[in-house]
Amino acid sequence: MLDRIQLTHEVEEMCCVKRGVKGEPAPIPQEGEWTKVKKIEEISGLTHGCGCCAPQQGTCKLTLNVKDGIIQEALVETLGCSGMTHSAAMAAEILPGKTILEALNTDLVCDAINVAMRELFLQIVYGRTQTAFSEGGLPVGAGLEDLGKGLRSQVGTIFSTKQKGPRYLEVAEGYVLELGLDKNDEIIGYKFVHLGKFMDAVKKGVDPKEALEKFTSTYGRFDEAVKKIDPRVE
């Protein structure tokens, strides 16, 4: 490598002056330790990155669990673009087993996922991970904890117009079935079904009607509502 380095004529003619001070890497927090990182295989941590595509039609949240520079676990969550879900499937095949540097320089199919990877890389190489101060970090599989029971992304989908006001379609608790309004037609609560738990029950053989009733609940002052509407119809 050194033999291939070319110098300009001006530099060739210079005399050598020794550098007295050689700066060392600043230590970064990694899984409960302070580490002076010089090589990519010295990087560890679990963290997240978010990115959007060029037309900003969709976005991605990427979670990686890295041990000794190697991606052990990937959680790819996408929103807003149907094609991104297929890109996420491909990215999930690509990422595990690569170093974070390889992943940074690999086409992850979708702009949003590539941008999320870039942002995540910055987080992790500067020691800004979720596990920076957690001794030993988190085990492989910890990324699924972000999804909670039912293993579904925490999604919020709200539509609103000046003429007709807001419609809650899906919130962290689940798929919204009804909105509860007070006498002023303001939202004071909602009825929802936890889709993850509902589908788990159906897969286990529970009658869908029984499962729907079991995993339907309310939030806020829904029971006090003077009017209840279907946000997708009314």
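Nothing in this text is a laboratory measurement; each read-out follows from the coordinates by a stated rule. What you see is a predicted model, and the numbers here were worked out from it, not measured in a lab. Cβ: placed from backbone, ideal geometry, glycine included. Neighbour counts: every protein chain shown.
Brief remarks on what is shown
- Dimensions (Å) - the stretch 2-108, Cα atoms, principal axes, largest first: 61, 38, 23
- Which listed pairs, of 191/227; 164/197; 39/98; 164/227; 18/38; 149/204, have C-alpha distances above 24 Å, in listed order: 164/197
- Among the trypsin sites (Lys or Arg not before Pro) in the stretch 134-234, those located in a DSSP loop and surrounded by at most 13 other Cβ atoms within 10 Å of their own Cβ are 149, 162, 164, 183, 204, 221, 232.
- Compactness of the stretch 72-143 - radius of gyration and Dmax, Cα, Å: 12.7, 39
- Inter-part distance where the stretch 47-73 and the stretch 199-224 are each reduced to a Cα centre, Å: 33
- Calculated FRET efficiency for the pair residue 159/residue 227, C-beta based, R₀ 22 Å, to 0.05: 0.75
- Neighbour counts of C-beta atoms inside 10 Å place 60, 15, 50 in the sequence 15, 50, 60, starting with the fewest.
- Cα-only Debye scattering, the stretch 157-229: base-10 log of I(q)/I(0) at q = 0.28 Å⁻¹: -1.19
- Gaussian network model of the chain, springs between alpha carbon atoms under 10 Å - residue of 193, 176, 206 with greatest fluctuation: 206
- Using a Förster distance of 30 Å, the FRET efficiency for residue 199-residue 54 (Cβ separation, nearest 0.05): 0.30
- Checking every one of the trypsin sites (Lys or Arg not before Pro) in the stretch 1-54 against DSSP loop status and a limit of 10 other Cβ atoms within 10 Å picks out 18, 19, 22, 36, 38, 39.
- Taking all Cα pairs closer than 8 Å and separated by 6 or more residues, the relative contact order of the stretch 157-229 comes to 32 percent.
- Longest DSSP-loop-exposure-free segment, chymotrypsin sites (Phe, Trp or Tyr not before Pro), the chain, at most 16 other Cβ within 10 Å: 1-125
- Difference of contour (0.36 nm per residue) and Cα-Cα distance, residue 145 to residue 6: 44.8 nm
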